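S.K.: One structure follows; several queries about it will come next.
The values are calculated or read from the model by the stated rules, or taken from the named source; none is laboratory data. Remember, it's a predicted structure, so these values are computed and weren't measured experimentally. Note that we place each Cβ from the backbone using ideal geometry, even for glycine, and neighbour counts take in every protein chain shown. SASA here: full protein model, heavy atoms, side chains in, ligands and nucleic acids out. Shrake-Rupley method; radii C 1.70, N 1.55, O 1.52, S 1.80 Å.
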Amino acid sequence: MYFRFAWVRPFWRTIWVVLTPILLSPIPLAMNHAAARCGYVILIMAAYWMTEALPLAVTALIPVFAFPLLGILSTGECCLVYMKETNMMFLGGLTVAIAVEHCNLHKRIALFVILNVGQSPRRLMAGFMLTTMFLSMWISNTASTAMMVPIVDAILVELYATRSKKLPEENATAIDLSANSGQNQLELSPAGENGVTDGHNIKERAEAEGGVVTTTEVVTTKSTSLTATPPDEECRALRDMCFLATAYAANIGGTGSLTGTGPNLVVKGVLASSFSQPTGLNFATWMAFNVPGMILCVILAWVWLQVLFMGLFRKKSPIQQSTPERTNAVRKLIRQKYKELGPMTHHEATVLTLFIILVLLWLFRAPEFVPGWSAWFKDAFEGIEVDDATPAMLIVTLLFILPARLNFWCFRNPKDPGPPQPSPACMNWQVVHEKIPWGVVLLLGGGFAMAEGANKSGLSAWLGDQLVAFNVMPKEAIVFVVSLMTAMLTEVASNTATASILLPVLKEMALNINVNPLYLMLPAAVCCSYAFMLPVATPPNAIVFSAANMKSADMMKAGFLMNIICVVVITVMINTLGVALFDLQHMPPWANSTISALN
């Protein structure tokens, strides 16, 4: 009898997680009222906590999706017990992004895009930017940049090799240019006491077919750069151009989705805490407004960097010239790296499916142009509000339940030796604990607390009154000045801190000059990500500055005009697409009702 049920032992956690809700389901079905449904959720959580079938912290998140979906508490009311709903949404989005990194799905996406965009310098830069932009919409700009830097550098090494068959070898140190997506950092060979690699650690250069060097290169030890040293000035310009393109795309990409970067969520949080009625800003409308501007800014950045480094409208630079040898070498390298990933695993497919489902749930929760799925719960449970944190936590919980490998029961290979072993889940708590930037979560909370304090104390209203003098200017000029000042301030301050300080003040200023608050708050929030000039302005800048041993003057020269370009773009977008989406020409009812309530 023991041997008959021995197969159950390795899978008891999965069986318990699945059967507990089923066995307890008669409770809410027999007694259809909120108390019974609440007891149902509590019993499930107690069963999970007592057996630790799921990590304790993950079980603690079940009410965030269970209570709203069962009509017990609205999402905002439930999250307020933990933290603000906006923080909870941010935490859920970060966890799903970490799952994408954990299964190496982001690396597969990056190599696939670069392989198919093209291999000339111009096309490669476009591939770098498109990939980094897309990844930065969903995972942190720091992680996307750190993942892309080794890939970009490995490709640049191939481009160097086609110009110089033998790179300088004096004062050299070895560097592994492979992208370690699990660590999201470059891997340097062991260094000596002085911080430089000993000559015995220098890796021998292997020659590939046609005399093209492989991705393991020799670079100078005395250089502070983390990447291969260019053989000449033309290649140095190519390196600076590609690395700056990656940093710019990472910063701009964060503006494309509501969870892309902290300032985006600060807007949502300030609006939610200031106005009782819906403001029309949600995940779908944010993307509808910001994705076109994001793409336009990336295209203009691509053009600007070519003008600066390649002489797009003057005599062609040698780095524009693409030879068959260069193209074939780069294509071969990218294809080799992509093949090394192997076929898509069940782990990657599961995470990708859950990620797509989450994005769709966010987009169609309340898309404005049609009734969203959250309206079903509001009608069914007498006004219960389901917000964006609920689908986020539902997907996070599924990541801790669904298996990463199909190696059990009927899916198990009969030829597989040994007893059956439980498959790990798609995500584990240790990875989340290590990779979640808890400091950013607390920074968001501190920003909301600061905004709430400024609002309750009257400081925001006082500052808004002082800025009424701007009313003598056309409102289009006000947006441009506010956006430019924000972009300059975020060069020397954290983007989330900048947003937390400015947005409550801009909200009061907009109310005082009788302008839709979104008209000033949206551009300012987006401009908090437009930090292109200084290495300290944002982590992507610091990463590429350190990796490429770039000069501060070069970064500032390229970044200054990039700041101006992006500020002009957001000013045009808010006065065209923004007006159409949010009806910014009129004072919205939700703002008027709040003003009268405050008065």
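S.K.: Say each of Ile15 and Ala449 gets a label point 7 Å from the Cα, pointing the same way as Cα to Cβ; how far apart are those two points in nm?
M.R.: 4.7 nm
S.K.: A further question follows. Rounded to the nearest 10 Å², what accessible area does Asp583 have for a 1.4 Å probe in the complete protein model?
M.R.: Asp583 exposes around 80 Å² with every protein chain in place.
S.K.: Turning to a different aspect of this structure: Would you mind getting the Kirkwood hydrodynamic radius of the range 509-599 from its Cα pairs, rounded to one decimal in Å? Walk me through the numbers before you get to the answer.
M.R.: On the way: mean 1/r = 0.0648 Å⁻¹.
So the Kirkwood estimate lands at 15.4 Å.
S.K.: Taking all protein chains together and a probe of 1.4 Å, list Tyr40, Tyr338 from the most accessible to the least accessible.
M.R.: Numbers: Tyr40 35, Tyr338 65 Å².
The residues order as Tyr338, Tyr40, largest area first.
S.K.: Given the whole protein assembly as supplied and a 1.4 Å probe, what does the accessible area of Tyr530 come to in Å², nearest 10?
M.R.: Approximately 10 Å² of Tyr530 is accessible to the 1.4 Å probe.
S.K.: Moving on to the next point. Measure out, as a whole number of angstrom, how far apart the alpha-carbon centroids of the range 37-99 and the range 462-507 sit.
M.R.: Going from one Cα centre to the other spans 36 Å.
S.K.: Can you compute the FRET efficiency between Lys332 and Thr353 using 1/(1 + (r/R0)^6), with r the Cβ-Cβ distance and R0 = 30 Å? Round to the nearest 0.05. Before the final figure, lay out the partial values.
M.R.: Details: r = 32 Å, r/R0 = 1.06.
FRET efficiency, Lys332 to Thr353: 0.40.
S.K.: Could you please report the charge total around Ala499, scoring K, R as +1 and D, E as -1 over all other residues with beta-carbon less than 13 angstrom from its beta-carbon? Numbers along the way, then the final one.
M.R.: Numbers: positive: Lys268, Lys507; negative: none.
In short, +2.
S.K.: Could you go through the range 269-281 in sequence order and give the Karplus-derived ³J(HN,Hα) for each residue, using 6.51 cos²θ - 1.76 cosθ + 1.60 with θ = phi - 60°, rounded to whole Hz, and x for Gly and Pro?
M.R.: With the stated coefficients, the range 269-281 comes to x, 5, 5, 5, 7, 9, 10, 7, 9, x, 9, x, 9 Hz.
S.K.: Could I ask something else about it? Tell me, what is the percent relative contact order of the range 1-153, built from C-alpha pairs under 8 Å that lie six or more residues apart?
M.R.: Worked out over the range 1-153, it gives 13 percent.
S.K.: Once fully extended, how much extra length lies between Ser276 and Ala542, figured as 0.36 nm per residue of separation less the alpha-carbon to alpha-carbon distance?
M.R.: 91.7 nm
S.K.: Amide H neighbours of Ala425 under 5 Å, at least 5 residues apart or on other chains, H built in the peptide plane: list them.
M.R.: Long-range HN contacts for Ala425: Ala404.
S.K.: Further question: Using packing as a proxy for protection, rank 540-548, 573-581 so that the peptide with the highest average count of other Cβ atoms within 10 Å comes first.
M.R.: Descending mean neighbour count gives 540-548, 573-581.
S.K.: With θ set to phi - 60° and the Karplus curve 6.51 cos²θ - 1.76 cosθ + 1.60, what are the ³J(HN,Hα) couplings of the range 70-87 in order, to the nearest whole Hz, using x for Gly and Pro?
M.R.: Coupling constants for the range 70-87: 9, x, 9, 9, 5, 4, x, 5, 5, 5, 4, 5, 7, 6, 4, 4, 5, 4 Hz.
S.K.: Too long at a 32 Å Cα-Cα cut-off: which of Lys337/Lys435; Lys107/Lys507; Lys378/Lys435?
M.R.: Lys107/Lys507; Lys378/Lys435
S.K.: Sticking with this structure for a sec: I'd like the distance between the alpha-carbon centres of the range 558-580 and the range 330-390, rounded to an integer number of Å.
M.R.: Cα centroid to Cα centroid, the span is 29 Å.
S.K.: Enter the accessible area of Ile565 (Å², nearest 10), with the probe set to 1.4 Å and all protein chains included.
M.R.: For Ile565, solvent-accessible area is about 40 Å².
S.K.: Kindly sort Met137, Met587 by accessible area of their heavy atoms, largest first, with the probe set to 1.4 Å.
M.R.: I get Met587, Met137, largest accessible area first.
S.K.: So what are the ³J(HN,Hα) numbers for the range 485-492, from phi and the Karplus equation (6.51, -1.76, 1.60; θ = phi - 60°), rounded to whole Hz, Gly and Pro as x?
M.R.: So the Karplus estimates, Gly and Pro as x, are 4, 5, 5, 6, 5, 6, 5, 10 Hz.
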